[in-house]
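Accompanying notes for the structure given below.
The values are calculated or read from the model by the stated rules, or taken from the named source; none is laboratory data. Model, not experiment: these values are computed from the prediction. Because the Cβ atoms are built from the backbone with ideal geometry, glycine has one as well, and the counts that use them run over all protein chains shown. These area figures cover heavy atoms from the full protein model, side chains too; ligands, DNA and RNA do not enter into them. Shrake-Rupley method; radii C 1.70, N 1.55, O 1.52, S 1.80 Å.
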Amino acid sequence: MDLTPYVDNLRQELAVAADAGGDDARALAERLTAPLESAARLTLLNALSAAMGEVTRELAPGSVDVRLRGLDPEFVVTMPPAPEPFREAREPVEPPAAAAPPPPPADADDGAMARINFRLPAHLKARAENAAAAEGLSVNAWLVRAVSTALDGGERANPPGRGKDSGSRGFTGWVR
């Protein structure tokens with residue numbers, strides 16, 4: 001993004017304002033324009049950085065960064081990753097000739113994932129990380145289990161071979 005038109009506009013506005021003050025004000029404005037150019041560029045860059053910070057908060061987990069190339073800022077947009085569709089490796093099956101089956105109930109576990117932004121106070125985040133580590137789980141897996149347990153009324157138990165008393169090593173993550 002070229003800041004020169006904005007800095008030139010500021011210089012022109014200063015000259016117009018100085019014209020109203022006479023020759024001494026005009027001479028002072030001419031002496032001030034060179035040092036003010038770098039201050040104006042820095043102020044514009046700060047304003048753009050603050051604006052992109054707000055855009056980044058709305059775009060999370062994507063982001064917009066402002067980088068300085070020479071005298072002018074450049075915007076770098078990082079889009080959030082697109083969720084990949086879940087596919088199982090199996091033999092191709094002919095689709096039924098009849099109408100499609102009804103959709104599964106809303107509470108069915110079909111493997112589909114949804115992403116949310118979840119903000120925790122720092123002290124709760126630390127406690128969640130410690131609890132997940134103690135059970136050999138990722139924080140995400142621990143939070144999923146905690147939410148599921150809370151919604152199911154405490155009916156879920158630790159998965160077989162997992163938890164702090166199991167003595168076995170487990171693996172967490174995604175598999176393709």
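Laid out as a table, the results:
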item: Residues of segment 125-150 classified as farther than 18 Å from A114 by Cα and either in contact (Cβ under 8 Å) with a residue 24 or more places away in the chain or touching a Gly at 6+ places or on another chain (Cβ under 8 Å) (or both), total; result: 4
item: Tally of residues being basic (K, R), at pLDDT 80 or above and assigned to a loop (DSSP other than H, G, I, E, B) across segment 79-136; result: 1
item: Scope segment 60-75; condition open to solvent by less than 60 Å² (accessible area, probe 1.4 Å) and either aromatic (F, W, Y) or at pLDDT below 75 (or both); matching residues; result: A60
item: Qualifying positions in segment 1-36 - acidic (D, E) and part of a helix (DSSP H, G or I); result: D8, E13, D19, D23, D24, E30
item: Test: V7 is hydrophobic (A, V, I, L, M, F, W, C), open to solvent by less than 80 Å² (accessible area, probe 1.4 Å) and within 21 Å of the chain's Cα centre (by Cα); result: no
